[in-house]
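Asks: Structure in structure tokens, see below.
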There are 2 protein chains.
Amino acid sequence: MTSVGAVTARSIDFDEPLRLQSGALIANYTLVYETYGTLNADKSNAILICHALNASHHVAGYYEDQPNNIGWWDNMVGPGKPVDTNRFFVIGVNNLGSCFGSTGPMHINPETGKPYGHGFPVVTVEDWVQSQARLADVLGIRKFAAVMGGSLGGMQALAWSMMFPARLEHCIAIASTAKLTAQNIAFNDVARQAILTDPDFHGGDFYAYGVVPKNGLRVARMIGHITYLSNVDMSEKFGRMLRSGQYHFGFGVEFEIESYLHYQGDKFSSYFDANTYLLITRALDYFDPAAPYDGDLTRALAGTQAKFLLASFTTDWRFSSDASRAIVKALIDNRREVTYADIDAPHGHDAFLLTDERYHDLVRSYVDRMWLEIEERGN
Amino acid sequence: MTSVGAVTARSIDFDEPLRLQSGALIANYTLVYETYGTLNADKSNAILICHALNASHHVAGYYEDQPNNIGWWDNMVGPGKPVDTNRFFVIGVNNLGSCFGSTGPMHINPETGKPYGHGFPVVTVEDWVQSQARLADVLGIRKFAAVMGGSLGGMQALAWSMMFPARLEHCIAIASTAKLTAQNIAFNDVARQAILTDPDFHGGDFYAYGVVPKNGLRVARMIGHITYLSNVDMSEKFGRMLRSGQYHFGFGVEFEIESYLHYQGDKFSSYFDANTYLLITRALDYFDPAAPYDGDLTRALAGTQAKFLLASFTTDWRFSSDASRAIVKALIDNRREVTYADIDAPHGHDAFLLTDERYHDLVRSYVDRMWLEIEERGN
């Protein structure tokens, strides 16, 4: 297995206004994306990969001038990898509102000539899917072999199956959920409050002040990070290990877990945009496709036509196995074709990003079967 | 069952310096306490109740001038209640470093003439127990019928059983643990970071600036609160309920769970001291009586003489049932008398404060048996 190698991000400008779920209109916007592999003649081998909270269009490979900047799903996507780029044409797209290139709060609002800041409209999972569909139009892809993602990315894949049922053969949603729980929303809320109450946030317009709400972002990331790891994994990796073998009776770093969280928080707050964090956590909160059907997920999924692969991880307490099972049940109620595995892995929610043989074998065999379908249809 | 009625807090000044676990010395200090019921002639009916993170000496009853200020364990302690004050003499004591009367960071440091602030020494569970033992000396109580507490209060009860094995007949530790997990420490750490990085914290010396780090305290409390409730309970109470029945596509309060957390955070940050929050969470982190015995809790508990009651709650994910079972196992290894129940209750960690028939019946029957022992010894 090798990497897709050096890759280049591309962008497309969209001039047709996009009406968002909120009613707001984005007059024009740019989407940044990357592709790996080759689109076949009948454009039947395209896989769209949707990203989660802090990821981007940079799914696989590296950049010529940044050899250590490896794509976030490089272990999954590449030549000979579970999503085999020798066979498939894989697209990674950066979502609207993100801070990695696609139009977001840090970009100039053409109406004001200043950064959008607090004026950037709230975007939803469904809005992202709309904008991704336009990207697909431009790329000439009528129907994806699969739309695929983990966590929030899985929500986008699910939304694709409901909003554009005829435009995907397969929907692959890993460690995902059809709606956040109260506890999920609570964690997002606290993270947002840390940012919103940071004096350096300036109501979202901090760009003009030459500051960033680093402290708020840092705390937000630390909270998030706790929910990505399992209790068991954290105990095994860090336990009560002390940095220096003894207590110093103060509030500096004593335990290894503190050091780890500070490192994660510091790193994140040095590159991530605070407004983007608010936007993406809100998109998570809002996603609830069953809501218009009185909470009946079976009815919400009734119009889907795709075949589905779902996977969850036994120690994921953020989007638990039960959340995936609820989707599987609703799909079975609708007599959809569903493959589902609950994978016994210790790494909590983060497991969807990690290399785990059983998990990768599952995806590999599913995607291999997708390829057989394509070959059979081709003959 | 009636209340203990109107109560009065008392205080005792201690002039003998207290050497803390850190090596620091507190030259003199005040402990505030309350008592309910009557100490019998041979002083054999005293129960010491130790408090948890945000509680105090005000365990039961109310204050004449504050009729709505009900003690935090009023459902547990009173005439005819599980801890029956018609039989027992119950003492609630406020810990050193707290913000409810006993000497703490907001009090004047006699050496500087200014509030202690960041200079207040870090106190441990063991330090609290030392100071409580001095209070017992002053009150003439050689041996408690029981030392009792929930959560952090249960840790103090456990520490009593190890540090002063001859001074308690019974140790009652509810929803407690012999050590925090990495995840527990992680949550404490994030809460502390929210306070430490609040510009209004001023390194702990905010008193001089006429401000309090409200934002940091608020976030800290919200994080804590999520860990006190169970996922199930939160889902049942709040679910995805919206404040106004629809989305507003912004970052204001949308969900009922947000409203609830903000209320809890706002309330807490209006009365709780930020330095106290740091101190108490650090005391939680540090507690690990098995550490000097290479993590062997059985050896740590070998010197205990008390009989034990332990209880945990099935949905408590902060201090899980497994944490209580580890203590039970270590006590049984030492052939101690142990009563233990894992109570099926939906309310998470907070269950130890709530009225639950099975839980209260358990404590009641245990404390009734304690009373029989006292009567038998008296004859």
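The values are calculated or read from the model by the stated rules, or taken from the named source; none is laboratory data. Note that the coordinates shown come from a computational prediction; the quantities given were computed from them, not determined experimentally. Quick reminder, even Gly has a Cβ in these numbers, built from the backbone with ideal geometry, and neighbours come from all protein chains shown. Side chains are part of the model used for accessible areas, which takes the heavy atoms of the whole protein and leaves out ligands, DNA and RNA. Shrake-Rupley method; radii C 1.70, N 1.55, O 1.52, S 1.80 Å.
Asks: Please go through segment A:286-321 and pick out each residue that is under 21 Å from the mean Cα position of the chain (by Cα), over 20 Å from A:VAL147 (Cα atoms) and among the hydroxyl-bearing types (Ser, Thr, Tyr).
Replies: Across segment A:286-321, the qualifying residues are A:TYR286, A:THR314, A:THR315, A:SER320, A:SER321.
Asks: What's the total number of residues in segment B:251-263 that are in a helix (DSSP H, G or I) and either within 16 Å of B:PHE206 (Cα to Cα) or at the interface with another protein chain (Cβ under 10 Å from one of its Cβ atoms) (or both)?
Replies: Going through segment B:251-263 one residue at a time, the tally reaches 7.
Asks: A further question on this structure: Just to be sure before I move on: is B:THR355 buried (at least 20 other Cβ atoms within 10 Å of the Cβ), among the polar types (S, T, N, Q) and modelled with pLDDT of 95 or more in the structure I sent?
Replies: No, not satisfied.
Asks: Now for a different question. So which residues in segment B:241-274 are within 20 Å of A:LEU279 (Cα to Cα), under 32 Å from the mean Cα position of the chain (by Cα) and of a type in the set (Ser, Thr, Tyr)?
Replies: B:SER259
Asks: Pick from segment A:185-211 the residues that are in contact with a His (Cβ under 8 Å, 6 or more places away or on another chain) and assigned to a loop (DSSP other than H, G, I, E, B): which of them is farthest from the other protein chains (Cβ to nearest Cβ)?
Replies: Selected residue: A:ASP205.
Asks: Scan segment A:132-166 for residues that are closer than 19 Å to A:ALA41 by Cβ and either open to solvent by 10 Å² or more (accessible area, probe 1.4 Å) or part of a helix (DSSP H, G or I) (or both) and jot them down.
Replies: The answer is A:ALA136, A:ASP137, A:VAL138, A:LEU139, A:GLY140, A:ARG142, A:LYS143.
Asks: Is it true that B:VAL123 is within 16 Å of the chain's Cα centre (by Cα), aliphatic (A, V, I, L, M), within 14 Å of chain A (Cβ to nearest Cβ) and within 30 Å of B:TYR340 (Cα to Cα)?
Replies: yes
Asks: On to the next question. Looking only at residues that are over 17 Å from the mean Cα position of the chain (by Cα) and hydrophobic (A, V, I, L, M, F, W, C) in segment A:157-184, which one is nearest to the other protein chains (Cβ to nearest Cβ)?
Replies: Residue satisfying both the conditions and the ranking: A:ALA182.
Asks: Restricting attention to segment A:1-38, which residues are of a type in the set (A, V, I, L, M) and either within 20 Å of the chain's Cα centre (by Cα) or more than 25 Å from A:ARG282 (Cα to Cα) (or both)?
Replies: Passing the criteria: A:MET1, A:VAL4, A:ALA6, A:VAL7, A:ALA9, A:ILE12, A:LEU20, A:LEU31, A:VAL32.
Asks: When the residues of segment A:356-371 are filtered to those that are over 20 Å from the mean Cα position of the chain (by Cα) and aromatic (Phe, Trp, Tyr), which remaining residue is farthest from A:VAL90 (Cα to Cα)?
Replies: A:TYR366
Asks: Out of curiosity, is B:GLY245 free of Cβ contacts under 8 Å to residues at least 40 places away in the same chain, within 8 Å of chain A (Cβ to nearest Cβ) and open to solvent by 10 Å² or more (accessible area, probe 1.4 Å)?
Replies: So B:GLY245 does not fit the description; no.
Asks: I've got another one for you. Condition test on B:LYS214, is it open to solvent by 60 Å² or more (accessible area, probe 1.4 Å), among the basic types (Lys, Arg), within 10 Å of chain A (Cβ to nearest Cβ) and in contact (Cβ under 8 Å) with a residue 40 or more places away in the chain?
Replies: The answer is yes for B:LYS214.
Asks: Check B:GLY78 against each of (1) on the phi > 0 side of the Ramachandran plot; (2) open to solvent by 60 Å² or more (accessible area, probe 1.4 Å) and name the one condition it does not meet.
Replies: (2)
Asks: Quick check: is even one residue across segment B:220-240 buried (at least 20 other Cβ atoms within 10 Å of the Cβ) and over 24 Å from the mean Cα position of the chain (by Cα)?
Replies: Within segment B:220-240, one or more residues are buried (at least 20 other Cβ atoms within 10 Å of the Cβ) and over 24 Å from the mean Cα position of the chain (by Cα).
Asks: Considering each residue of segment B:137-156, count those that are over 30 Å from B:GLY348 (Cβ atoms) and within 10 Å of the chain's Cα centre (by Cα), and give that number.
Replies: 0
Asks: Same structure, new question: Please work out if B:TYR277 is within 22 Å of B:THR124 (Cα to Cα), open to solvent by less than 30 Å² (accessible area, probe 1.4 Å) and among the hydroxyl-bearing types (Ser, Thr, Tyr).
Replies: yes
Asks: Also, quick follow-up: Return the residue satisfying two criteria in turn: it lies in segment B:110-125 and is in contact (Cβ under 8 Å) with a residue 24 or more places away in the chain and farther than 18 Å from A:HIS248 by Cβ, and of such residues it is least open to solvent (accessible area, probe 1.4 Å).
Replies: B:GLY117
Asks: Residue under question is B:TYR209, and the condition is that it be under 25 Å from the mean Cα position of the chain (by Cα), among the hydroxyl-bearing types (Ser, Thr, Tyr) and modelled with pLDDT of 95 or more; does it hold?
Replies: So B:TYR209 fails the test.
Asks: Restricting to segment A:27-54, what's the tally of residues that are open to solvent by less than 40 Å² (accessible area, probe 1.4 Å) and at pLDDT below 95?
Replies: 1
Asks: Let me ask another. Going by the conditions given, is B:ALA194 over 25 Å from B:PHE313 (Cα atoms), open to solvent by 40 Å² or more (accessible area, probe 1.4 Å) and either at pLDDT 95 or above or among the aromatic types (Phe, Trp, Tyr) (or both)?
Replies: no
Asks: Pick from segment B:301-315 the residues that are open to solvent by 10 Å² or more (accessible area, probe 1.4 Å) and more than 14 Å from chain A (Cβ to nearest Cβ): which of them is nearest to B:ALA175 (Cα to Cα)?
Replies: Here the answer is B:THR314.
Asks: For A:LYS237, indicate whether it is of a type outside the set (Ser, Thr, Tyr), within 11 Å of another protein chain (Cβ to nearest Cβ) and free of Cβ contacts under 8 Å to residues at least 24 places away in the same chain.
Replies: yes
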